[in-house]
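Quick notes on the structure that follows.
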Amino acid sequence: MIEIKNLRKSYNGHAALKGISFAIQKGEFYGLLGPNGAGKTTTISIMSSILKPDSGEVIIDGMNIDTHPGQAKQLIGVVPQEIALYGDLTASENLHFWGGLYGVSSSELKKRSEEVLHLFGLYDRRNDNVKTYSGGMKRRINIAAALLHQPKILFMDEPTVGIDPQSRNLIFEVIEKLHKEGMTIVYTTHYMEEAERFCDRIGIIDNGQIIAEGTLKELKSNSALKEVVVVTYDHADESKLKELSAQWPDSNLSENKISFYAADVQSALSGIISGSGQMGADISNIEIQRTNLETIFLSLTGKQLRD
Amino acid sequence: MIRLALKDLKLFLKDRRSMLMTFAIPIALISLFAFAFGGVGKGNEETKISMQISDLDNTTLSKDAVNIFTTLKNVDAKVVPIESAQDAIKKGKESNVLVIHKGFADSLADGGELPLELQYDEAKEIEVGLLQQSLIPKVATIPFSLGNPKAMMASRFEKMTENSSPELKENIQHQSDNLFETLSKGIAENSTTQDPSSAFFGNEVKMTKLVAAKKDNGLGLIQAVAGTAVMMLLFSVVGIGMSLLEEKQEGTLKRLLYAPMNPLKILFGKMISANIISIIQLIVMFLFAALVFGLEINNHITGLLITIIATAFACSAFGVFLASFAKTRQQVQGLSTLIILVMSAIGGSMIPIFFMPSLMQKAAVLSVNYWSIQGFFDILWRNLSIFSTTFLSRILVLVLIGVILNTLAVFMFRRNILKMS
């Protein structure tokens, strides 16, 4: 559905994209993760045809976006990170305006507006000016405005930043529904749990390059990271804890805590507990640190996702 | 407390807009008004009032008189055929013409009343008043310079005393001779003194309003409405243009660019809305002036609408251009305030341009205000036809200003706004 081929883009001599390539299948939910300044926005901007690359190409549904920008844009809905709406217009007026730009007829727009207003739980507030909405409600309309022309592809740039849990859950439900209906979605986020929950595949971008790509399982297995069991002991004899730590091939003792590293934490856990019992060390707390996207990201980029 | 004050001063010095509003704009306006009213920049050269002279008598004496008038201090006199001179006044290009009618030489010879007429545009009454101050004393010297003043005075006393007794006539004639000697002596000894003879001769210049105030519209009212409407329109179109930068700031511009349309349509949309709002604003201003102050517009609807549309086109182009030229809202606010105040001052929105020195009158053509206000004067004051070349030329200039600024706005929009989004 989407093919990105060797995209390069520089700003004032600084290379923002250094020849990135990836492909997204029809109906796939693709997460594009990267720290600030990694090149996500530049990639999305080129994919949306509002920015021209220095070289490389973007193919949307078989069309080169550079030579067929109008037709390609018609297939795409974009949910920008900022609330890009007219606050002095009502939700209905906003939806009619944004939908109208994609050539949706008036009668169709009326029908579609009502559908998305119901979908996002804002039908009762449709005649209120958007500026009177809460942050979460604005986010919902911000997404709704990208769906009126029923795009085949949806680009969502941090669509849940700074919203209340209720709105977040509602947005999640809508996103899952759209995905189930077969929409191809490209999603950027800082929230790892969102990426883990939704994404079929994830591309990690840093310094203008895709440094890792695959399903969450593939990313985990490809990483050299081990999971960790951190055990805290009560009134334990220090020599006993040293002995216990030494028995484990990869562990680390710090005061009354031992961190046990294992490729499969599930199978390691029973050995750790029984070993502690045999040493007479009383366990007060067990914390399991599993390998997740956050740790993979950190190990790959050396940065927190929010850096 | 001092720390707080220092902090505020530091912030003030870093705020370019505040600096502009506090120093640059007042300095610019002070300079402008100093040029306009304070005589700054004139050096030793006096500002001259333009005077056309049409010699219909075309005699040696009338030509001598023309030569005398061309030596008038502070007056830039030129001889022009009467038709051209009147046409220039009607088109607002000149304020007056001094007509030397046929019989001028004969009147000088026989002591009759001099057939001189100053035809003028009432819209420029102040300028003509200043001209009169120089002209009347000079006219008073004409009989002394070119004619037979003694005979002229005698002739006039004869008329005054035709029903009197012979003794009284003789007595007056005697006094007349004494008076003539005194006047001649006075003129010869001190040519710069206000000429006492003007009490006798200068007032015979007939004053005729070639372009007179119509009963329906007052000059001041047109000036007030047109001048203020254009200035305020410029301020409001800048606001409309600035919405482009607001859209950029709030992300809606970027969202518009995601849509399947030519990005320039965004700018064209702004231009159309700015034009519509401008036209409505001007119509409301003139309707208000008609309803509340009695400005007569019923007989000038077509011309008024043409001028309104051309003005709206030029002014809205100015607003959109400024917004596409500047990179931030602060830049637009600072620049627009400066440019609009300067254009309004030199273009006649704040003060009628005939108050200004000739240099500034020439500079007035650089402002939108000038062409627009003159267009309104053509229709509402000079009562020119919408097909007259004078009126059409002003409309053409306004349209050209609009076309040029809109073209530049397209260029700047591509260069500044699209790249920044």
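The values are calculated or read from the model by the stated rules, or taken from the named source; none is laboratory data. Bear in mind the structure is a predicted one, so any value in this text is a computation, not a measurement. Don't worry about glycine lacking a Cβ; one is built from the backbone with ideal geometry, like all the others, and counts go over all protein chains shown.
See the values below:
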read-out	value
Count of the stretch A:80-95 residues which are more than 11 Å from A:A145 (Cβ to Cβ), among the β-branched types (V, I, T) and within 13 Å of chain B (Cβ to nearest Cβ)	0
Any pair with Cβ under 7 angstrom, 6 or more apart, that starts in the stretch B:153-171 at a residue that is farther than 21 Å from B:L114 by Cβ and ends at one that is at pLDDT below 75 and assigned to a loop (DSSP other than H, G, I, E, B)	B:L168/B:T161; B:K169/B:T161
Of all residues making up the stretch B:372-419, the number that are under 15 Å from B:S316 (Cα atoms) and in contact with a Lys or Arg (Cβ under 6 Å, 6 or more places away or on another chain)	0
Conditions (1) modelled with pLDDT under 90; (2) surrounded by fewer than 19 Cβ atoms within 10 Å (Cβ to Cβ); (3) not aromatic (F, W, Y); number of the one not met by A:I65	(2)
Any hit, the stretch B:356-365, residues being among the β-branched types (V, I, T), part of a helix (DSSP H, G or I), surrounded by 20 or more Cβ atoms within 10 Å (Cβ to Cβ) and not assigned by TED's automatic domain parsing to the domain that holds B:A88	no
Test: residue in the stretch B:68-79 that is under 29 Å from B:I142 (Cα atoms), surrounded by fewer than 12 Cβ atoms within 10 Å (Cβ to Cβ) and at pLDDT below 85	yes
Within the stretch B:230-243, considering residues that are more than 14 Å from every other protein chain (Cβ to nearest Cβ) and more than 29 Å from the chain's Cα centre (by Cα), the one farthest from B:I308 (Cα to Cα)	B:M242
When residues of the stretch B:389-409 are limited to those that are in contact (Cβ under 8 Å) with a residue 12 or more places away in the chain and of a type in the set (G, A, S), the one farthest from B:D87 (Cα to Cα)	B:A409
Hits in the stretch B:57-101 (condition: of a type in the set (V, I, T) and more than 15 Å from B:V128 (Cα to Cα))	B:T59, B:T60, B:V66, B:I68, B:T70, B:T71, B:V79, B:V80, B:I82, B:I100
Condition broken by A:F97, with the remaining ones in (1) closer than 22 Å to A:H179 by Cα; (2) touching a Phe, Trp or Tyr at 6+ places or on another chain (Cβ under 9 Å) satisfied	(1)
Residue among B:K265, B:K248 that is within 14 Å of another protein chain (Cβ to nearest Cβ), in contact (Cβ under 8 Å) with a residue 24 or more places away in the chain and farther than 15 Å from B:F313 by Cβ	B:K248
Hits in the stretch A:50-90 (condition: under 22 Å from the mean Cα position of the chain (by Cα) and more than 30 Å from A:G136 (Cβ to Cβ))	A:V58, A:I60
Residue count, the stretch B:93-113 (criterion: in a loop (DSSP other than H, G, I, E, B), buried (at least 18 other Cβ atoms within 10 Å of the Cβ) and modelled with pLDDT of 80 or more)	2
Selection from the stretch A:130-171 of residues that are assigned to a helix (DSSP H, G or I) and of a type in the set (K, R)	A:K131, A:K138, A:R139, A:R140, A:R168
Subset of the stretch A:91-109 [of a type in the set (S, T, N, Q) and over 30 Å from the mean Cα position of the chain (by Cα)]	A:S105, A:S106, A:S107
Of residues in the stretch A:61-79 being assigned to a strand (DSSP E or B) and out of contact with any Leu (no Cβ under 6 Å at 6 or more places or on another chain), the one farthest from the other protein chains (Cβ to nearest Cβ)	A:N64
A:P53 more than 10 Å from every other protein chain (Cβ to nearest Cβ), more than 20 Å from A:A212 (Cα to Cα) and part of a loop (DSSP other than H, G, I, E, B)	yes
Within the stretch A:96-138, considering residues that are of a type in the set (K, R) and within 14 Å of chain B (Cβ to nearest Cβ), the one surrounded by the most Cβ atoms within 10 Å (Cβ to Cβ)	A:K138
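So that you can scan it fast, the table gives a plain yes or no per residue for (1) closer than 19 Å to B:L400 by Cβ; (2) buried (at least 17 other Cβ atoms within 10 Å of the Cβ); (3) within 14 Å of chain A (Cβ to nearest Cβ):
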site: B:R255; (1), (2), (3): no, yes, yes
site: B:Y258; (1), (2), (3): no, yes, yes
site: B:G269; (1), (2), (3): no, no, yes
site: B:V284; (1), (2), (3): no, no, no
site: B:A289; (1), (2), (3): no, yes, no
site: B:G294; (1), (2), (3): no, no, no
